[in-house]
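First up is the structure itself, then whatever we jot down about it.
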Amino acid sequence: MRAIWKGAVSFGLVSIGVKVYSATEEKDIRFHQVHREDGGRIRYKRTCQTCGEEVTYDDIAKGYDIGGGEMVILTDEDFADLPLTTSHAIDVLEFVPAEQVDPILYNKAYFLEPESSATKPYVLLREALTDSERVAIVKVALRQREQLATLRVREGVLLLNTMLWPDEVRTPDFGFLDEDLKVRPPELAMASSLVDSMAGDFQPDAFTDDYRAALQEVIDAKIEGREVVQPEEEEAAPAAAVDLMAALKASVERARAARGEAPSGGAGEPTPISAARSAQKAAKAPAKKAAAKKAPAKKAAAKKAEPAKKAAATKTAEKKTAKAPAKKAAAKKAAPRKTA
């Protein structure tokens, strides 16, 4: 790893020289934009919207839009004069219980390594944090910005977690929060049972990024010139249950089955899944009865129509029989007489 920052942890009158390293890394597969026809890289030029000339990085400054088409330009000298008192220090402000820090505030994590001459005070601070079961609230300036952060111990190393400022966290504003929704005790009990049936210890290594693995397989297959083997399709999600209780019961039963536990119901007692299916069948029964009632009515109408159809057929046959002699007589008259 490469250190991205050097400074000191200010712990009372003690100064601990440290190096800062990024504790995390993104594993996303990155792509370049290329021309579809020949694979050439796509380049973008930095051009000025006003004069149209291409601009180098040395000529680029930061501008703040104040509206009305006006812009305030800030240079490196303007940023250098800002009062960053913690520019090369991590100032410990106070020590607080870890559970009092809302995880939504955490932003990015960094490892702190002690300088060779600061190993003992580093270990002293580490042991003090461990014994007190608290985290240190600190201020630090990283990448030209002062940030709030915490110091805690992870695997024997001090971990710096930068934090968002409180005014950077949005307040949720959703309509359902104002609704007076009542949860029935049986529903709450069943939901708690589902939570208990799915309870476990968090093991991060048990989870993988399936999408990234599949994408990497596609890339490897392209490189090696072979076909990609499609993974087996996952089991389709079950159809929505008739009501919330049926869904909760079925979910509990599925969680127990996944753990290899026996079903909750006895031999003669319906299981939650069978109960949900029975509820679905019960809901479909009225529709089937209505369809069954319509079927006899259609048959009766068909039976009434049959005599009428037969009578019509008989009349048609009689007409054809009566017309036949007349047609023959007309044919004889129309036939030419033979000459002697």
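A few comments on the model shown:
- Proximity of backbone amide H atoms, modeled 1.01 Å from N, is registered between residue 18 and 7, 8, 9, 115 at under 5 Å, excluding neighbours fewer than 5 places apart on the same chain.
- Quarter of Cα convex hull surface for segment 69-149, i.e. mean projection, nm²: 8.3
- Each peptide in 105-113, 160-168, 245-253 gets a packing score, the mean of other Cβ atoms within 10 Å over its residues, and the list from highest to lowest is 245-253, 105-113, 160-168.
- When peptides 40-51, 126-137 are ranked by their average number of other Cβ atoms within 10 Å per residue, the highest-first order is 126-137, 40-51.
- Violating pairs (Cα-Cα greater than 26 angstrom) within the set 6/108; 45/222; 19/108: 45/222
- Between segment 1-80 and segment 103-148, the Cα center-to-center distance that results, in Å: 25
- Listed residues 183, 20, 123 arranged by accessible area, highest first, probe 1.4 Å: 183, 123, 20
- Taking all protein chains into account, the per residue accessible area for segment 1-107 stands at 84 Å² (1.4 Å probe).
- Cα-Cα P(r), segment 114-164, percent of pairs per 10 Å interval: 25, 47, 27, 1
The values are calculated or read from the model by the stated rules, or taken from the named source; none is laboratory data. Computed from a predicted model, the values in this text were never measured in an experiment. Cβ atoms come from the backbone with ideal geometry, glycine included; neighbour counts cover every protein chain shown. Only protein heavy atoms, including side chains, enter the accessible area calculation; ligands, DNA and RNA are left aside. Shrake-Rupley method; radii C 1.70, N 1.55, O 1.52, S 1.80 Å.
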